[in-house]
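Everything below concerns the one structure shown next.
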Amino acid sequence: MKPTTSRITNRIPNFQFPISLLIILMLCIFQSCSDKNESEVAKEEETKQEADATEVTITKQQYETINIQLGTIEQKNLTSVLKTTGFLKVPPQNKASITAAIGGTVQNILIQEGDYVKKGQTLVTLMNPDFVKLQGAFLEAQSQITFSEAEFNRQKELSQKNVSSQKVFQQAQSDFNSLQAKLSSLRQQLLLLGINPELLTKNSIASAVSIKSPVNGSVSHIDINIGSNIEPSESMMNVVDNSQLHLDLFIYEQDLTNVKVGQTVNFTLTNLAGKSYTAKIFAIGNAFEGDTKTIAVHASIPGDKTGLIEGMNVMAMIDIGNNYAPSVPSSAITNTDGNDYIFIQIEGHEVKRHKHDDEESKIEKEELGDAFTFERVQVKKGVTDAGYTEITPLEEISASPKVVINGSFYLMAMLTNEGED
């Protein structure tokens, strides 16, 4: 039995796994895991960088399509203020209704609504046979008074020498005084029609008269056509001089003690809340306005008044304290993921595009003349009033940044979508 057992044992091979091969296999597995981890880390880093992107670049065409509008961070008093409403008003001495002293038929209309005209500029010409008669009557009276004055002087001399009766002298005196009065009346009527009586001759009688503007201003409400028959004192159009446009505010009696001459008023148009204007109080009324139990406060508007028209309603804030804070139009602030942001324009460089090279992402910045770059800046909101919101930037920004006040929502959407690519 022992030899048999020995033969079976010899048939089992003595196999040994090479240690070097085992080491190589373990190194390959380790390298594979390492490469996988590095790839995942790179992808996570790339995703993190894209998520942290704070700049967005748009082309000039996109800029115009979105209708980007830029503003600044302004110092606004949004807490120590008195809120009120009012409207824009032009003083009566700065607007005119254009009429004619004598009626007539419209021959020419030399202006259009909206045109700016100067004082003394011809607006309309009117025709009327009475114009011709009036000029003829003046020339006739002017001719008669020469004879009447000569007769008056002759009768006066004769009366002094007792050659002529006192009655004849008195009649000559009465005729002369009557002609003087008539001539003076006709002269004034001609002046009202814009005709210079001193230059009037039998060869210069006009069949039409020119209606001129009594003030500088813009033409509005033209109510006539060529051929229209105009009655005396009938309004043909209005001319309004907006250079003296001011603000009328309604203040209740309990607030009147807080209002003083010289205080600053910040106001916005009811239908255009994004744009702010400044005025200064120059007068306070001393009587109630009708049945409103309010008192009118008048404020002058310095500087350019383009876009302001009489009758526009306004929302106003009268500064009664000195609590100023940096503020922007509320439309400049956009919210995402519970955070508030504004966009400011970056000067000096623009982000051109994303480049992917060997699975590494980087942003290349170049000088571009036809593109615009904006940076997202996180802010903390404060008081909101009259279309403005107080802000506190949570990041360092330049001293006078250009802030996007219209279009920030679209920039945020573009930035968010870019980060998801």
Q. Can you list the HN-Hα couplings for region 106-123, worked out from phi with the Karplus curve (6.51, -1.76, 1.60; θ = phi - 60°), rounded to whole Hz and with x for Gly and Pro?
A. 5, 9, 9, 10, 9, 9, 10, 4, x, 5, 8, 10, 9, 4, x, 6, 6, 9
Q) Non-local amide H neighbours of Asn108 (under 5 Å, H modeled in plane, Pro and chain starts lacking H): which ones? A) Thr125
Q | Per-peptide average of other Cβ atoms within 10 Å, ordering 332-345, 107-120, 170-183 highest first | A | 332-345, 170-183, 107-120
Q. For Phe147, Phe131, what's the fewest-to-most ordering of other Cβ within 10 Å of each Cβ?
A. Phe147, Phe131
Q.
If I model a spin label at Ile205 and Gln69 as a point 7 Å from the Cα along the Cα→Cβ vector, what separation in nanometres do I get?
A. 6.1 nm
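Please give the length that would be gained between Ala413 and Ile309 if that part of the chain were fully extended, namely 0.36 nm times their separation in residues minus their C-alpha to C-alpha distance (nm, one decimal). Each step should come with its number before you reach the end.
Numbers: separation 104, 0.36 × 104 = 37.44 nm, distance 3.68 nm.
Gain on extension, Ala413 to Ile309, equals 33.8 nm.
Multiply the residue separation of Lys156 and Gln170 by 0.36 nm, subtract the distance between their alpha-carbon atoms, and state the gained length in nm to one decimal. Display every interim value, and only then the final one.
Working: separation 14, 0.36 × 14 = 5.04 nm, distance 0.87 nm.
Length gained between Lys156 and Gln170: 4.2 nm.
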Q. With each pseudo-label sitting 7 Å past Cα toward Cβ, what's the Ser184-Tyr324 distance in nm, one decimal?
A. 6.1 nm
Q: With θ set to phi - 60°, apply the Karplus curve 6.51 cos²θ - 1.76 cosθ + 1.60 along region 195-212 and write out the HN-Hα couplings as whole Hz, x wherever there is a Gly or Pro.
A: 9, 7, x, 6, 9, 7, 10, 5, 9, 10, 5, 9, 8, 9, 10, 9, 9, 10
Q | ³J(HN,Hα), Karplus 6.51/-1.76/1.60, whole Hz, each residue of region 245-251, x for Gly, Pro | A | 4, 9, 10, 10, 10, 9, 10
Q.
For Cα pairs less than 8 Å apart in space and 6+ apart in sequence, what is the mean separation divided by the residue count of region 256-301, i.e. the relative contact order in percent?
A. 32 percent
Q. Given the C-alpha centroids of region 133-160 and region 205-267, what is the distance between them in whole angstrom?
A. 46 Å
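Work out, step by step, the length gained on full extension between Thr122 and Leu192: first 0.36 nm times the residue separation, then minus their alpha carbon distance; give nm to one decimal.
Stretched fully, the Thr122-Leu192 segment lengthens by 23.8 nm.
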Q: Give the residue from Ala181, Gln160, Leu139 lying farthest towards the positive end of the charge dipole for region 100-212; charges sit on Cβ (+1 for Lys and Arg, -1 for Asp and Glu) and the dipole is referred to the Cα centre.
A: Gln160
**Q.** Efficiency of FRET between Lys293 and Gln263 - r from beta-carbon atoms, R0 25 angstrom, step 0.05
**A.** 0.70
Q: Search the structure for amide H atoms under 5 Å from the amide H of Ala100, placed 1.01 Å from N in the peptide plane, and list their residues when 5 or more places away or on another chain.
A: Ser233, Glu234
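Rule-based calculations on the coordinates, nothing more; no lab input. Worth saying up front: this structure is predicted, and the values here are computed from it rather than measured. So basically every Cβ, Gly included, is an ideal-geometry build from the backbone, and we count neighbours across all protein chains shown.
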